[in-house]
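The values are calculated or read from the model by the stated rules, or taken from the named source; none is laboratory data. Source: prediction; values computed, not measured. Note: ideal-geometry Cβ built from the backbone for every residue, glycine included; neighbour counts use all protein chains shown. With ligands, DNA and RNA removed, areas are computed over all heavy atoms of the protein, side chains included. Shrake-Rupley method; radii C 1.70, N 1.55, O 1.52, S 1.80 Å.
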Amino acid sequence: MIVTIDGPAGAGKSSAARELARRLGFIFLDTGAMYRAVTWAALEAGVTLANEAELARIAHSIDIKLNGSRVAIDGKDVTDAIRTFRITTATHFAADHPGVRERLVQLQREIAEGANIVTEGRDQATVVFPHAECKIFLTADERIRAQRRHEDMQRRGEQVSLDEVLAKQRVRDQRDQTRPVGALRKSGDAIEVHTDGMTPEEVVNRLEEIVRARQKGE
Ligand code: DC
């Protein structure tokens, strides 16, 4: 069974999807981590992100391994390195690149082959797994999303103001919704869940309820 969870930045997709996968005994796939990984590898190699040919070469040459919540590139653990503000704001080069997307979509489908999986991103229901059995669109008010992201960053010791996080998030939302390939869009057959005012536990409970109902054929 494939469960897709799409939605805007900061909606709480990653933590909810990870916990949902744990409860169901499914694999968890964080596809945003893959776009971040390509960005990290390109910067590490000294590649100019706007150089499309070089960025495509990086995406095709690196070995990305996702293991639960750990991410490794060519054997090196980059779990924390791909979460910095610098990578977050630079990842649009990889996300906007059709060749990079093609490569990562292919990897995502390979990982899901024959597996029970909870996968989260922007285009999972619309592009990558249009035949998924259960599609969820997770969203929340933009201020709440920015506050959550800001708290996460503060916990990691990154010094960025809430206003700056909100401003950058608006730019990302706009980019996510308008990119020519893999744009963020609610699939017509997805169930929308608004997480405003819900605790993380309540969100996962709701998602589990949706999947269990689908498993029973409801
Ligand atoms: O969910 P996230 O913040 O880790 O995603 C990082 C970036 O990758 C974000 O700019 C959106 C983009 N992305 C995408 O274009 N398609 C996906 N399936 C997942 C993420």
>> For the stretch 33-45, check the following and say yes or no: at least one residue is over 26 Å from Gln159 (Cβ atoms), modelled with pLDDT of 95 or more and open to solvent by 50 Å² or more (accessible area, probe 1.4 Å).
In response: yes
> In the stretch 116-144, which residue that is open to solvent by less than 20 Å² (accessible area, probe 1.4 Å) and of a type in the set (Asp, Glu) is nearest to the ligand (Cβ to nearest atom)?
Replying inline: Asp123
>> Just to check your reading of the model, which residue among Arg148, Arg156, Arg143 is in contact (Cβ under 8 Å) with a residue 40 or more places away in the chain and within 19 Å of Thr195 (Cβ to Cβ)?
In response: Arg148
> Name the residues in the stretch 159-211 that are among the polar types (S, T, N, Q) and open to solvent by 90 Å² or more (accessible area, probe 1.4 Å), would you?
Replying inline: Gln159, Gln174, Gln177
>> Step by step: first the residues of the stretch 97-115, then only those that are over 29 Å from Glu208 (Cβ atoms) and free of Cβ contacts under 8 Å to residues at least 60 places away in the same chain, then the one that is nearest to the ligand (Cβ to nearest atom). Which residue is that?
In response: His97
>> Looking at the structure I just gave you, is Thr4 surrounded by 24 or more Cβ atoms within 10 Å (Cβ to Cβ), under 16 Å from Ile82 (Cα atoms) and among the polar types (S, T, N, Q)?
In response: no
> If we keep just the residues of the stretch 71-89 that are within 16 Å of Thr48 (Cβ to Cβ) and either surrounded by fewer than 17 Cβ atoms within 10 Å (Cβ to Cβ) or touching a strand residue (DSSP E or B) at 6+ places or on another chain (Cβ under 8 Å) (or both), which is modelled with the highest pLDDT?
Replying inline: Arg86
